[in-house]
Every structure is written in C-alpha cells, then in structure tokens.
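**Q** For reference, the structure I am asking about is given below.
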Amino acid sequence: MAVETREEDAIRGVVERLTSAYDKTRTPAQVEAAVATAHAAFSERPVRDFVPVLVERKARALLSKASG
C-alpha cells in the first residue's frame, strides 16, 4: 500500500507542476486529462518506481502536441 500512496502523491505533484507550467494555454481539466491518459499507459507495468517521471514526460508531450 505504501508504494501506491507514494505514486498517488507523486502523480498529484505532476498535476500541480503541469497545471502551473501550462496555466496560460491549458485548463486544469485538460492537464488532469493528459496526466490520466499518460498514467493509464503505464497501468500494467510491474515496476512502479519511475512511473511518475514517465507520466510527466508523456503528459508534457501530449499537452505540447495539442498546442502545436
């Protein structure tokens, strides 16, 4: 359970960072959707240590792609 809690906390941090980084071009709902989409892509991966970092990278790519 502790790993899940750490991952959930880290994902909330990703949402906060990206909401701040994209505050001029994306709504918080759009950021949350991008993070949720990115996080879902890693749902079946057994090793969870790097999932938040990978989610942030994938979500940034999704948000940047959508803007340009």
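**Q** How about region 27-47: which of its residues are among the polar types (S, T, N, Q) and in contact with a Leu (Cβ under 9 Å, 6 or more places away or on another chain)?
**A** Of everything in region 27-47, those that are among the polar types (S, T, N, Q) and in contact with a Leu (Cβ under 9 Å, 6 or more places away or on another chain) turn out to be GLN30, THR37.
**Q** Now for a different question. Can you tell me how many residues within region 1-21 are of a type in the set (Val, Ile, Thr) and in a loop (DSSP other than H, G, I, E, B)?
**A** 0
**Q** Taking region 29-38 as the region of interest, how many residues are free of Cβ contacts under 8 Å to residues at least 12 places away in the same chain and surrounded by 12 or more Cβ atoms within 10 Å (Cβ to Cβ)?
**A** Total meeting the criteria: 2.
**Q** Which one is surrounded by the most Cβ atoms within 10 Å (Cβ to Cβ), of the residues in region 39-59 that are in contact with an Asp or Glu (Cβ under 8 Å, 6 or more places away or on another chain) and of a type outside the set (D, E, K, R)?
**A** My answer is PRO52.
**Q** Any idea which of (1) assigned to a helix (DSSP H, G or I); (2) surrounded by fewer than 11 Cβ atoms within 10 Å (Cβ to Cβ) is the one LYS24 doesn't satisfy?
**A** Answer for LYS24: the failing condition is (1).
Quick note: the coordinates plus some simple rules give every number you see, no bench work behind them. This is a predicted model, so every value here is computed, not measured. Ideal geometry is used to build each Cβ from the backbone, glycine not excepted, and the neighbour counts take in all protein chains shown.
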